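Shown next, in structure tokens, is the structure this report addresses.
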Amino acid sequence: MRKSRNKRLLEKVAELVLPPHERKYLMKRMDVIGDIAIIKIDPAIEHKKHEIGKTIIELQPSIRVVLRQVGPTSGVYRTKQLEWIAGEKRTWTIVREYGCAFKVDLKYVFYTPRLSYEHMRIAKLVRPGEVVINMFSGVGLFSILIAKYALPKRVYSIDINPKAYELMVENIRMNKVQDKVIPICDDAADAILRRGLVYVADRILMPLPALALYYLPFALLALTRNGGYIHTYLHVFSRKGSNPKDIAKYAISQALSCLGIRFKIVNIRKVRSVGVRQLQMVVDVWCSGLKDDLSLSLLSKGEPNTYPY
Ligand SMILES: C[S@@+](CC[C@H](N)C(=O)[O-])C[C@H]1O[C@@H](n2cnc3c(N)ncnc32)[C@H](O)[C@@H]1O
């Protein structure tokens, strides 16, 4: 297999900065997001971190900032713990996907280049005139690409993180889709219940595995009475001999059956690896709307949601 450009660069950095016995500690992977590189550095070579960062910039001048990831993606906002190690002192950058520009601030919001294919895959599924709800939109990538590449009537783009909302507003303006994308800063379930999003959507995106099954009843409540498509993202463990597609299919089928929904799974695919034997999967499923008694019980729900993390 051919080595990636980033891997070759890191090998060169190791040769230049580290003595042979320490080279094994330099991680083999580097994410480049806009003009920011993110790497992990083993504590054994921590004393060389600034030199490592500076050498990355010298070898690849399109990189202007190097950040070290010091903890996993975590918390409600799904952010990375990052430490500055070289270059300009900032954590924001501009990323480009399919001709659109997006401002992200990696300290405060979620972004991964590994969802890029998925963003466009979903945009291509949207049919003219659809109303779409993106329940966990981050800085608006799915929403804005749908507005640019499909002909939706409207995309409601919800995120609970005020900083993600602020950047999403900027990105909507930057990509000139103000007439299509409505940004909302709120909990997704509360937004559906209290901002007139009940029975309005033809398609719902749920790109947050931690909440996807838990918030499924609210997604169903937002579908038109004729039903529509839901794209649910899930994390599954793939043990030897198990099929991750079967696991994802089982989880969604159980959840929808319990709610008495008629449904048809139209596609299941692996989106990306998210850890050792842990995969992110997406299930595209057509669903009928919620039955009236369940809708009423959700609509009469007075308390804000409690989060399972
Ligand atoms: C995995 S990220 C979304 C990624 C984004 N769709 C993209 O394509 O880059 C999940 C997002 O859900 C948001 N979030 C977490 N809990 C939420 C909730 N209860 N309601 C709405 N958004 C929420 C987080 O702030 C985060 O931006």
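Couple of notes before you dig in:
- Among beta bridges from DSSP that stay inside region 123-280, the antiparallel ones total about 25%.
- Pairs exceeding a 18 Å alpha-carbon distance, out of Lys153/Lys176; Lys148/Lys180; Lys103/Lys163; Lys12/Lys107; Lys124/Lys180: Lys12/Lys107.
- The residues neighbouring Leu125, those whose beta-carbon lies less than 13 Å from its own, together hold a net charge of +1 under the Lys/Arg +1, Asp/Glu -1 convention.
- Once backbone amide H atoms are built at 1.01 Å from N, Leu82 has Val70 as its partners under 5 Å, excluding neighbours fewer than 5 places away on the same chain.
- Rg over Rh for the chain works out to 1.01, using Cα positions for both radii and the Kirkwood form for Rh.
- Counting every other Cβ atom within 10 Å of each residue's Cβ, Asp186, Asp202 order from fewest to most as Asp186, Asp202.
- For Val274, the amide hydrogen comes within under 5 Å of the amide hydrogens of Leu279, Gln280, counting only partners 5 or more places away or on other chains and with H modelled in the peptide plane.
- Annotation for region 154-221 versus region 32-48: alpha-carbon center distance of 33 Å.
- Per-residue Cβ neighbour rank within 10 angstrom, fewest leading, Leu197, Leu294, Leu9, Leu299: Leu299, Leu294, Leu9, Leu197
- Using alpha-carbon coordinates, inclination of helix 116-125 to the longest axis of the chain, degrees: 20
Throughout, read-outs are computed from the coordinates displayed, never taken from laboratory work. Computed from a predicted model, the values in this text were never measured in an experiment. Here Cβ is always computed from backbone atoms with ideal geometry, including for glycine, and neighbour counts include all displayed protein chains.
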